[in-house]
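Here, each number is a calculation from the coordinates, and none is a lab measurement. Since the structure is predicted, the reported quantities are computational estimates derived from the model, not experimental observations. Backbone-built Cβ (ideal geometry, glycine too); neighbour counts: all protein chains shown.
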Amino acid sequence: MQTSLADFIRDTPEGKRAEQILRNCVHCGFCTATCPTYQLLGDELDGPRGRIYQIKQILEGESPSAHIRDHLDRCLVCRACETTCPSGVEYHHLLDIGRETLGQLTPRSFHERLTRRAMVWVFSEPRRFAPLLGLARLVRPALPATLRNKILPAQQHASPQPGPANGRKAHRRMLLLDGCVQPALAPQINQALSLLLARLGVHAQVVPQAGCCGALPQHLDEPERARAMARRNIDAWLPELDAGAEALVVTASGCGAHIKDYPTLLADDPAYAEGARRIAEKTHDPVEILLEEDLRKLQAEPRQARVAVHTPCTLQHGLGLGGRLRVLLTKLGYPLAQTTEDHLCCGSAGTYSLTQPRIAAQLRKRKLQALRVDSPDLIVTANIGCLGHLQDEGGVPVLHWLNLVAEDLPSPHESTLATP
């Protein structure tokens, strides 16, 4: 694709990155076949190719049209287009540049800015989110079902952190991201991972100085705050990695995909660029960790419930781990149900289901139909946002796959395969 960027961005780091991405695009249109919003709306401007052209126009100095923000906002950043693209176009990086540039040229309305800042203020800080969640739970029965499921799932408590199955001190150590909303909404997810790692002789450690990964502000027009969060986390995690921690394990695939993007986010920060690269290199999803371990130490008698696997976009497109979760669960003995349209987004996409509820609801309905096509007894996923979004009162139960595996483990004294 030919480019002629405007003077205001041509020689900037963002302009150089955007130009390279634009020139890699051959406008073949393969991406439209896997774009959820194009599939629903049938509008070229609501597909990746159309959004790329609109961003190109902004960067080349054309005045943004009145509706260009709507088309960019409707993107879920699911990155299915990147998996499909034969030219390796880093679409989500171009979208970040386009949205940030558009925000500078044509600021949002006061109401939109206030709403987005409020979401960042509430959701990205556990000390604020947890008490507000507690208050909201008091009126949970009076709320609409969609809000009860998405924001206020039934409260669950985590049990104390487990030790190794044989009672010995673990010599291996891995870091866990506690995250922002997950500790309050679903603390049992990290607790389940801690239990599984303990069976493998690995101690799981949360570094309290770390916090929100920064994905939330990054997608809500506050990129500088996202960079500040990334720097804080790097400062918290690097000393632990230097002291012997093997990896940073992230149970929310959305957070994991964003942390993998730290090198791009901080590419122009000489003080943090190398640290960002090291953190990204050491960041892994639990499915990667477990597939590298001796699964006999986790072997149990899996429930005979047929399991439908929902692979979040951030796991299959963002982290490139499509199919790995199915492989792991099969190795552990779980009978898997068939699913369809695995490449399409469920509509959660962080706060997307709050900012674009109509499209999110349509995608949710379509995804649930695809997951239930083979009449499963249970649906598992790998991301906290998808977990809440897909909950359906009276429907097929949805839980994180880590909880499925952890709940089926025998108690330590029953296992004859404990860590030697």
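Farthest toward the dipole's positive end in region 7-105, which of LEU41, PHE8, GLY61, given Cβ charges of +1 (Lys, Arg) and -1 (Asp, Glu) about the Cα centre?
Checking the options against the dipole of region 7-105, the answer is LEU41.
Ratio of Rg to Rh for region 224-293, alpha carbon only, Kirkwood?
With Rh from the inverse mean 1/r over Cα pairs, Rg/Rh is 0.97.
Using label points projected 7 Å from each Cα along Cα→Cβ, tell me how many nm separate GLN205 and ALA305, to one decimal.
My value for the distance between the label points is 3.5 nm.
Using the Kirkwood radius over Cα pairs, work out the Stokes-Einstein diffusion coefficient for the chain at 25 °C and 0.890 mPa s, in µm²/s as a whole number.
D, rounded to a whole number, is 110 µm²/s.
Run the Debye formula on the Cα coordinates of region 1-83, all scatterers equal and no solvent, and tell me log10 I(q)/I(0) at q = 0.10, 0.12 1/Å.
Values returned for q = 0.10, 0.12 Å⁻¹ are -0.24, -0.35.
Ignoring everything except DSSP H segments at least 4 long, calculate the 222 nm mean residue ellipticity for the chain; use -39,500 (n - 2.57) per segment, divide by total residues, nearest 500.
So the helix-based figure for the chain works out to -13500 deg cm²/dmol.
Given a Förster distance of 22 Å, report the FRET efficiency between ARG127 and GLU100 from their Cβ-Cβ distance, rounded to the nearest 0.05.
0.20
Please pull out the direction-averaged projected area of region 78-124, using the convex hull of its alpha-carbon atoms, in nm² to one decimal place.
For region 78-124, the mean projected area of the Cα convex hull comes to 4.5 nm².
Rounded if a/c is under 1.5, else prolate if a/b is larger than b/c, else oblate: which is region 290-420, with a ≥ b ≥ c the root eigenvalues of its Cα gyration tensor?
In terms of gyration-tensor shape, prolate.
Any idea what angle helix 223-242 forms with the longest principal axis of the chain, computed on alpha-carbon atoms, 0 to 90 degrees, nearest 10?
40 degrees
Straight-line reach only, C-alpha to C-alpha below 19 angstrom: list the aspartates and glutamates that LYS367 could link to, leaving out same-chain residues fewer than 8 apart.
Filter leaves GLU341, ASP342, ASP377, ASP392, GLU393.
In nm, what is the difference between 0.36 nm times the number of residues separating ARG10 and ASP43 and their Cα-Cα distance?
8.9 nm
Once the dipole of the chain is set up with Lys and Arg at +1 and Asp and Glu at -1 on Cβ about the Cα centre, which of ILE97, SER109, GLY388 lies farthest towards its positive end?
Result: GLY388, furthest along the dipole toward the positive end.
Rounded, prolate or oblate for region 172-290? Axes are the square roots of the Cα gyration tensor eigenvalues, ordered a ≥ b ≥ c, and the cut-off for rounded is a/c under 1.5.
Values: a/c = 2.09, a/b = 1.40, b/c = 1.49.
Note, shape of region 172-290 comes out oblate.
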